Amino acid sequence: MKQVIDPKVRTRRLLVRAALIVVFAGLVVLMFNLGKLHTFILDNKNLADGSLTAARGGNLVSIDGREASEIYPGERSMEKVKGQRHTITVTSLSGTDKVVRRISLDLDSEMMLVSLPRLIAGKEPYMEVFVPLNVVTTAEERAGTDNSFTSPEAGGTDPVVIPTP
Amino acid sequence: MSGKKSLGRFFTENAVVIIFLALTIAAIPPSGLSFQYIIQEMITRLGRNTFLVLALLLPIFAGMGLNFGMTLGAMSGQIGLILAINWNIGGVEGLLFAALVGTPISVLMGYICGAVLNKAKGREMVTGYILAFFINGVYQFVVLYMMGSIFPIKNPAIVLSRGYGIRNTLNLENVRQSLDDLLMLKVGGFLIPVATFLIIGLLCVFVVWFKKTKLGQDMRAVGHDMTVAEAAGVPVDRTRIIAIIISTVLASFGQIIFLQNMGNMATYNAHDQTSFFAVAAILVGGASVKKASIPNVIIGVILLHVLYVVTPRAGQNLFGSAMIGEYFRQFIGYGVIALTLVLYAWKARQGAARAREGLRGGNSATAAAGTAAADTAKGGAK
């Protein structure tokens, strides 16, 4: 015998279930936003046009109050950060100058190149999207390049370079 | 005489734990490992594995035996982790994201598993084991062929060079030990991942609380006797499906905790032996197909992993080859499952024989004990 459910109960049940789905989706989005990792490449090189040069003595760069790293002229350093809003603090190693910049990133910006000379001088854009030229993969993955029914483990040993889009 | 009998009974009932304890104690001195090292390893492995083993409890309460289908949950957790790595989500948030993504998948998998097991009442364990192989094929198809072709994968570091399919091994650098390191305390020279243990503690509290709820009581009633439970108005099939769904979801979370501790993931076979090791651990702890508790889980994880830590070194020192110890580990794992199942069947037969003997005119106490033992065995086989 089919059980008859009171329409009020059915509506309430539906509302509760819909609310649970919304909360679930909200949590997924929240975790995505909070946990999204971005990579900063801190570049302390002179600009190609010669208009700006790196600070002679080098800089101490700290992101979000973390331990600062020393970056000397001509050097690059990589930092991973979580979330979209960050504070970059650049202090000259002599301790005389200090620049603080607050930046916000797009969700889809994975790797950002930050030019320290531009950032110190306040010259926009001091940040641009960095696209790695290629990704080197080991040949263990190569067996899958054809459509034969083989295991991915059955590859050779030499590395394969594939271009990224 | 009665003292001898009760001692014999104690040995019979705890044969697996006693054999294991003896083997472990015997293997420690030849291994040459310090107690400091063994204890630190135990703390790490308790944090890594306990959640997965706890996932086995509810199906045992519901009389469905050892849930070999928990592999389905492990696969769901892995899909969550693959997506977290794909979208570059790290830290504890990355783990929570993976758990959230894995939850609906594991609920669906649990439902399928529960529905199939309801069609195979009395053969749940072997059905679950074979079902895991079948779903493994589906998982391989999704991960090896559909990811990157139908489901877009934007992280080139995890895609096979042919453009679709996920690589054999994934580096979980972004989430590596993020839960363990969330609250790491150093007590007396030992590093204790407090956050991981808190989560395990919460799950233990949940299990204790759940047993007292209406649903928990229904599960125990179903586990004791399905026919009586059905007659009492308990929706047997639905209750069994819920037990498997909860177990599968917990296995999904457990696999995520396990993998974040390991720091990398063998995409196509990390889940292969999840159920096997979890089942071995709970059996080593003294559980049976019919009866299990939280202490069984804790004792089992400790005993099994002490043996896992010491045997390769003991093998190296005694026979000049660490591989002997590795083989021994495998042998112990399979052996303990086989031994428990054999002992269980033997006890069931003994109980039935005692019950028969009682009915033929033996004393009433023997008959009662025999009937009880036979009932227990029957319930477990259901």
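Here are a few things to note about the model shown:
- The single condition from (1) in contact with a Gly (Cβ under 8 Å, 6 or more places away or on another chain); (2) within 30 Å of B:Val194 (Cα to Cα); (3) buried (at least 17 other Cβ atoms within 10 Å of the Cβ) that B:Gln36 fails is (3).
- The single residue among A:Leu52, A:Leu37 that is of a type in the set (A, V, I, L, M, F, W, C), closer than 21 Å to A:Glu128 by Cα and at pLDDT below 85 turns out to be A:Leu52.
- Residue check, A:Ser104 modelled with pLDDT of 85 or more and surrounded by fewer than 12 Cβ atoms within 10 Å (Cβ to Cβ): yes
- Residues of the stretch B:105-129 classified as part of a helix (DSSP H, G or I) and surrounded by fewer than 15 Cβ atoms within 10 Å (Cβ to Cβ), total: 4
- Residue within the stretch B:313-327 that is of a type in the set (Val, Ile, Thr) and either within 30 Å of B:Leu100 (Cβ to Cβ) or crowded, with 24+ Cβ neighbours inside 10 Å (or both) present: no
- Scope the stretch A:23-53; condition of a type in the set (Gly, Ala, Ser), within 11 Å of another protein chain (Cβ to nearest Cβ) and surrounded by fewer than 19 Cβ atoms within 10 Å (Cβ to Cβ); matching residues: A:Ala25, A:Gly26
- Looking across the stretch B:247-260, the residues that are more than 15 Å from B:Ile105 (Cβ to Cβ), out of contact with any strand residue (DSSP E or B) (no Cβ under 8 Å at 6 or more places or on another chain) and away from every other protein chain (no Cβ under 14 Å) come down to B:Ile257, B:Phe258.
- With respect to (1) out of contact with any helix residue (DSSP H, G or I) (no Cβ under 9 Å at 6 or more places or on another chain); (2) not in a helix (DSSP H, G or I), the lone exception for B:Ala287 is condition (1).
- Taking the stretch B:114-146 as the range and being in contact (Cβ under 8 Å) with a residue 40 or more places away in the chain and within 12 Å of chain A (Cβ to nearest Cβ) as the test, the residues that pass are B:Gln140, B:Val143, B:Leu144.
- Residues satisfying the stated conditions in the stretch B:165-187, i.e. of a type outside the set (S, T, N, Q), more than 12 Å from chain A (Cβ to nearest Cβ) and part of a loop (DSSP other than H, G, I, E, B): B:Leu172, B:Arg176, B:Leu179
- Residue list for the stretch B:210-250, restricted to those being under 27 Å from B:Gly80 (Cα atoms) and of a type in the set (A, V, I, L, M): B:Ile241, B:Ile242, B:Ala243, B:Ile244, B:Ile245, B:Ile246, B:Val249, B:Leu250
- Residue selected from the stretch B:203-247 under the condition without any contact (Cβ under 8 Å) to a residue 40 or more places away in the chain and closer than 13 Å to B:Gly114 by Cα, by the criterion surrounded by the fewest Cβ atoms within 10 Å (Cβ to Cβ): B:Arg238
- The stretch A:76-92, residues that are in contact with a Lys or Arg (Cβ under 6 Å, 6 or more places away or on another chain) and either within 14 Å of another protein chain (Cβ to nearest Cβ) or loosely packed, with under 14 Cβ neighbours inside 10 Å (or both): A:Thr87
The values are calculated or read from the model by the stated rules, or taken from the named source; none is laboratory data. Since we're looking at a predicted model, the values are computed, not measured. As a convention, Cβ positions derive from the backbone with ideal geometry for all residues, glycine included, and neighbour counts pool all protein chains shown.
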